Amino acid sequence: MDYIYAFLIGGLLCVIAQILMDLTSITPGKILVLYVTVGVILGGLGIYDKLVDFAGAGATVPLTGFGNSLAKGAIKAAGERGIIGAFTGGMTGTAAGVAAAIVFGYLAAIIFKPKTKK
Amino acid sequence: MNKKELDEKQSYNELVKQRMDKSPLLPDCVKAFITGGTICTIGEGLRKFGEHILKLSEDDVAAFTAIVLVFFGALLTGLGVYDKIYKFGGAGAAVPITGFSNSVVAPAMEWRREGLIMGTAARMFTIAGPVLVYGVGSSVIVGLLYLAFN
């Protein structure tokens, strides 16, 4: 059942983005910025975690989930360490994904040759 | 702008509108739904694997899932496969964290010829940079608001 909810909610979040992309001239890059920011806001309000409880990876894998992790990290660290925590918490909560993207991105650039579009 | 230019502009706008109306919104959405749903289902499998088999803590399950998905996003981008998934799935390939990975890896590879520092390293944040600026920036605001109200 968890897999079905993950599929449905994850798919639905992507469909919303697809509709925005088809009906407006918004670029995928801006969609990612929009999604992460919406995720931070819903995470900050404590709403997004309810979606995570329901849909698991269907809520955490889309970029809104990345935003939720940023907000949760900031709130948790702010509670423990005050203002310093408010600054450090977001990056701490998402360090794994960002560091992985940097390392694997760098390795891919060294290993793979891009298929040049001529 | 004289009248002729105005007319031309109007007819151009109508032409654009006609073409836009034909844009296959429904098939696009179905493909995005299937692609995004599938990637999230794989993510759910990774979460379960981390939780039950590797016995990781809740935070580490999230980190593990993110790292593995980013890895496969990078690998498939490197092999030129993610490009094909993207062409099929559109937002369904862009919105999951594998799409974030793709947005880092694709320019990192593309700009390799400009060198590993000002090419690869500088350009890998073309899209991830704005995402982090707005994401981390708003998370700091959330943290400060939390302090202000608690």
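Observations on the structure shown:
- In this structure, residue A:71 does not satisfy being more than 15 Å from the chain's Cα centre (by Cα), assigned to a helix (DSSP H, G or I) and hydrophobic (A, V, I, L, M, F, W, C).
- Candidate set from the stretch B:104-139 (those that are of a type in the set (Ser, Thr, Tyr) and within 7 Å of chain A (Cβ to nearest Cβ)); member that is surrounded by the fewest Cβ atoms within 10 Å (Cβ to Cβ): B:134
- Unique match (being free of Cβ contacts under 8 Å to residues at least 12 places away in the same chain, within 7 Å of chain B (Cβ to nearest Cβ) and assigned to a helix (DSSP H, G or I)) among A:86, A:96: A:96
- When the stretch B:79-102 is filtered for residues that are more than 14 Å from residue A:62 (Cβ to Cβ), within 7 Å of chain A (Cβ to nearest Cβ) and either surrounded by 23 or more Cβ atoms within 10 Å (Cβ to Cβ) or within 13 Å of the chain's Cα centre (by Cα) (or both), nothing remains.
- Filter result for residue A:55 (without any contact (Cβ under 8 Å) to a residue 60 or more places away in the chain and either in contact with an Asp or Glu (Cβ under 8 Å, 6 or more places away or on another chain) or more than 17 Å from residue A:95 (Cβ to Cβ) (or both)): yes
- Here residue A:25 fulfils each of the conditions (1) of a type outside the set (Val, Ile, Thr); (2) assigned to a helix (DSSP H, G or I); (3) surrounded by fewer than 19 Cβ atoms within 10 Å (Cβ to Cβ) apart from (2).
- Taking the numbered list (1) crowded, with 17+ Cβ neighbours inside 10 Å; (2) within 7 Å of another protein chain (Cβ to nearest Cβ) in turn, residue A:9 passes all entries but (2).
- Those residues of the stretch A:20-58 which are of a type outside the set (Gly, Ala, Ser), under 27 Å from residue B:50 (Cα atoms) and within 7 Å of chain B (Cβ to nearest Cβ), in sequence order: A:32, A:35, A:36, A:40
Only the coordinates and a few stated rules stand behind these numbers; no lab work does. Predicted, not measured: the structure shown is a model, and the values here were computed from it. Using ideal geometry, Cβ is built from the backbone for each residue, glycine included, and neighbour counts are taken over all protein chains shown.
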